[in-house]
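Asker: Handing you a structure now.
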Amino acid sequence: MESLISLKPHFYAFPSFSSIPPTRLNTYRKNSLFTVSVRAQMDPNEDSATIATSGIRIRRRPPTGPPNHYVGPFQFRLQNEGNTPRNILEEIVWNKDKEVAQLKERKPLGLVRKALENAPPVRDFIGALRAANERTGLPGLIAEVKKASPSRGILREDFDPVEIAQSYEKGGAACLSVLTDEKYFKGSFENLELIRNAGVKCPLLCKEFIIDAWQLYYARSKGADAVLLIAAVLPDLDIKYMVKICKILGLTALVEVHDEREFDRVLGVEGVELIGINNRNLETFELDISTTKKLLEGERGKIIRERNIIMVGESGLFTPEDIAYVQEAGVKAVLVGESIVKQSDPAKGISNLFGKDISV
Ligand SMILES: O=P(O)(O)OC[C@@H](O)[C@@H](O)c1c[nH]c2ccccc12
């Protein structure tokens, strides 16, 4: 069934990595983007389109072309299954695709790379988490500078990112996460830069929906020490290449999963050192902190320990009992936003969350 949604001209999605068959991908990457020599594996039984999107459920861009209908001088845009996002994650990613295409036009990779020369030095994100964990015996805290989210709306009206970041640092956070998505989370790269330039010592995670390697360079040029790679939106090959690029840039990659399938995919990627389990399903917003426990049971937990991978429990953590629960499940770090950002004194929010002062 088609229905009318707007009169605006339709946007043509810009092709990015996932739409390029792996064979071409190599040449493309080698010639125009990076000088990394990596070879994509091709299974002769799988066609290239399947490989390029392997592993993910969401559609990275609208599968149908512009559904236009002309009536005289009027151009109508028709809504159908192929151009309507099926869930919020698809919507965010489709939007991000347009956003990145525009940003790239304004600031091509060459310019971003040039800007890297003046970027502040990278700091050791994983080292900070390990040190905090050893010092306190509790999971190292990644405290999130978060103004709003699509599931919770505005979390804090009087939002001063630098003040919040400084308060988190004072309260004993090991690292900070700064949301940079503007449309859905009311964040910005300006916030990231402001916090970095204010002299906050905690390493910074750029919390963004990364779908294109250009964004990794951009995040680093703005002072990020780490980036988030979401397995639900990135095919295996993208994760593999992006992890390699992060290494080259000195960035730590926090690779996020939320079910067994994504976890297994990520465990199949070489060089991953930090994995987050998101207790919130980004497609449905459902929150369940037993996700962290469930995913770390049995064989997967064993692999994690053998490889010395640091696990991060993400989302929906509000009380000392929640922290104890995910720690028991095997995490050495936690990522927390809502419960601490909402407190008038975020440092106090941290002590409430852990049931004690972790700054000393
Ligand atoms: O505010 P919470 O429930 O404490 O959650 C923080 C963080 O885990 C959450 O913001 C998050 C985790 N993964 C994401 C990916 C995109 C956007 C946001 C997120």
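Asker: Mind jotting down the distance between the C-alpha centroids of the stretch 72-96 and the stretch 192-237, whole Å?
Answerer: The distance from the Cα centre of the stretch 192-237 to that of the stretch 72-96 comes to 27 Å.
Asker: Kindly write out, for the stretch 94-107 in residue order, the coupling ³J(HN,Hα) from the Karplus curve 6.51 cos²θ - 1.76 cosθ + 1.60 (θ = phi - 60°), rounded to whole Hz, with x marking Gly and Pro.
Answerer: Along the stretch 94-107, the couplings run 5, 5, 4, 4, 5, 4, 5, 4, 5, 4, 5, 5, 6, 9 Hz.
Asker: Carbon and sulfur: what percent of the stretch 266-360's accessible surface (1.4 Å probe)?
Answerer: Its accessible area is 45 percent carbon and sulfur atoms.
Asker: Take ASP259 and ASN80, extend 7 Å from each Cα along the Cα→Cβ direction, and tell me the distance between the two endpoints in nm.
Answerer: 2.8 nm
Asker: Calculated FRET efficiency, GLU297 and ALA324, Cβ-Cβ r, R0 22 Å, to nearest 0.05?
Answerer: It comes to 0.85.
Asker: For the stretch 175-279, evaluate the Debye formula with one uniform point scatterer on each Cα (no solvent term) and list log10 I(q)/I(0) at q = 0.17 Å⁻¹, rounded to two decimals.
Answerer: -0.74
Asker: In 5 Å bins starting at 0, how do the alpha-carbon pair distances of the stretch 187-247 split up by percent?
Answerer: 4, 19, 30, 22, 14, 8, 3, 0
Asker: Relative to the present Cα-Cα distance, how much length would full extension add between SER290 and VAL162 at 0.36 nm per residue of separation?
Answerer: 42.8 nm
Asker: For the stretch 75-119, state which trypsin sites (Lys or Arg not before Pro) are in a DSSP loop and have at most 15 other beta carbons lying within 10 Å of their beta carbon.
Answerer: Those that pass, being in a loop and sparsely packed, are ARG86.
Asker: Now for a different question. Output ³J(HN,Hα) for the stretch 122-138: one whole-Hz value per residue in order, computed from phi by the Karplus curve 6.51 cos²θ - 1.76 cosθ + 1.60 with θ = phi - 60°, and x for Gly and Pro.
Answerer: Per-residue couplings from phi come out as 6, 10, 7, 5, 5, x, 5, 5, 4, 4, 5, 4, 5, 5, 9, x, 10 Hz.
Asker: Report, largest value first, the span of the C-alpha coordinates of the stretch 116-223 along each principal axis, in whole Å.
Answerer: That gives 38, 36, 25 Å along the principal axes, largest extent first.
Asker: Here's another thing I want to ask about it. Calculate, in nm to one decimal, what GLU99 and ARG305 gain on full extension: separation in residues at 0.36 nm each, minus their alpha carbon distance.
Answerer: 70.3 nm
Asker: When ligands, DNA and RNA are left out and all protein chains stay put, how many square angstrom of accessible area per residue does the stretch 239-350 have with a 1.4 Å probe?
Answerer: 41 Å²
Asker: In whole Hz, what ³J(HN,Hα) sequence does the stretch 349-354 give by Karplus (6.51, -1.76, 1.60; θ = phi - 60°), x for Gly and Pro?
Answerer: x, 5, 4, 5, 4, 8
Asker: Another question, if that's okay. Between ALA148 and residues 5 or more places away or on another chain, which pairs have amide H atoms under 5 Å apart, with H built 1.01 Å from N, and which residues are they?
Answerer: It is LEU155, by chain and number.
Asker: Straight distance only, please: which lysines reach the Cα of LYS170 with their own Cα at less than 16 Å, same-chain residues fewer than 8 apart left out?
Answerer: Within reach: LYS201, LYS348, LYS356.
Asker: Can you list which of the GluC sites (Glu not before Pro) found in the stretch 117-179 are DSSP loop residues with at most 16 other C-beta atoms within 10 Å?
Answerer: Passing both the DSSP loop test and the Cβ count: GLU117, GLU157.
Asker: Here is a follow-up. Using a 7 Å offset from the Cα along the Cα-to-Cβ direction at both GLU182 and LYS342, what is the distance between the two label points in nm, to one decimal?
Answerer: Distance between label points: 2.8 nm.
Asker: Another question, then. Quick check: from the Cα gyration tensor, does the stretch 73-144 come out rounded (a/c under 1.5), prolate or oblate?
Answerer: The shape class here is oblate.
The values are calculated or read from the model by the stated rules, or taken from the named source; none is laboratory data. Model, not experiment: these values are computed from the prediction. All Cβ positions, even for glycine, are placed from backbone atoms using ideal geometry, and neighbour counts span all protein chains on display. Please note that ligands, DNA and RNA were not included when accessible areas were found on the heavy atoms of the full protein model with its side chains. Shrake-Rupley method; radii C 1.70, N 1.55, O 1.52, S 1.80 Å.
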